[in-house]
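Input: a single structure, listed below in structure tokens.
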Amino acid sequence: MKGRARVIIYLTVPEAGPAAIEDAYHDISGRLADTPGLLRNELLRSAMDSTGFAVLSEWESMADFKAWEEGAGHRSSTSPLRPFQDRAGERHYGIYEVVAAY
């Protein structure tokens, strides 16, 4: 588990409602199903704010994530969620490397 990477994208519900986020998430997940190094991803809804969502992805390594992120298909495959990114805070995403786990 040490050395794996986790990426969190923060989202906010549009006026149309949460179904738009859920649909975009399922669309993207289908496109990324065979991405090298991608172990899994999850759509999370905030238990503290019903308008807050996040996508958490787990990667085999930081190198795998960076290779995908720098690849040609990154922007086009993730574009359906881009309009819902929560840009109200300091950062609308986070990239973390696992340094310890039990």
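When the range 35-62 is limited to residues that are touching a Leu at 6+ places or on another chain (Cβ under 7 Å) and in contact (Cβ under 8 Å) with a residue 40 or more places away in the chain, the one that is farthest from ILE95 (Cα to Cα) turns out to be PHE53.
In the condition set (1) surrounded by 12 or more Cβ atoms within 10 Å (Cβ to Cβ); (2) in a strand (DSSP E or B); (3) without any contact (Cβ under 8 Å) to a residue 24 or more places away in the chain; (4) not acidic (Asp, Glu), GLY71 is compliant with all but (2). Residues that are within 19 Å of LYS66 (Cβ to Cβ) and aliphatic (A, V, I, L, M) were ranked within the range 1-20; the one that is surrounded by the fewest Cβ atoms within 10 Å (Cβ to Cβ) is MET1.
Across the range 48-67, the qualifying residues are those that are under 30 Å from ALA16 (Cβ atoms) and over 13 Å from the mean Cα position of the chain (by Cα), and the one among them that is modelled with the lowest pLDDT is SER50.
If you go through the range 21-53 and keep only what is under 19 Å from ARG87 (Cβ atoms) and surrounded by 17 or more Cβ atoms within 10 Å (Cβ to Cβ), you end up with ILE21, ALA24, TYR25, ILE28, LEU43, PHE53.
Quick one: is ALA101 loosely packed, with under 10 Cβ neighbours inside 10 Å and either β-branched (Val, Ile, Thr) or more than 17 Å from TYR10 (Cα to Cα) (or both)? It is true that ALA101 is loosely packed, with under 10 Cβ neighbours inside 10 Å and either β-branched (Val, Ile, Thr) or more than 17 Å from TYR10 (Cα to Cα) (or both).
Return the residues of the range 1-34 that are without any contact (Cβ under 8 Å) to a residue 60 or more places away in the chain and either in contact with a helix residue (DSSP H, G or I) (Cβ under 7 Å, 6 or more places away or on another chain) or part of a helix (DSSP H, G or I) (or both); say none if nothing qualifies. Result: ALA19, GLU22, ASP23, TYR25, HIS26, ASP27, ILE28, SER29, GLY30, ARG31, LEU32.
The values are calculated or read from the model by the stated rules, or taken from the named source; none is laboratory data. The shown structure was predicted, so the numbers you read here are calculated from the model rather than taken from an experiment. Counting neighbours? That spans all protein chains shown, and the Cβs are built from the backbone with ideal geometry, glycine included.
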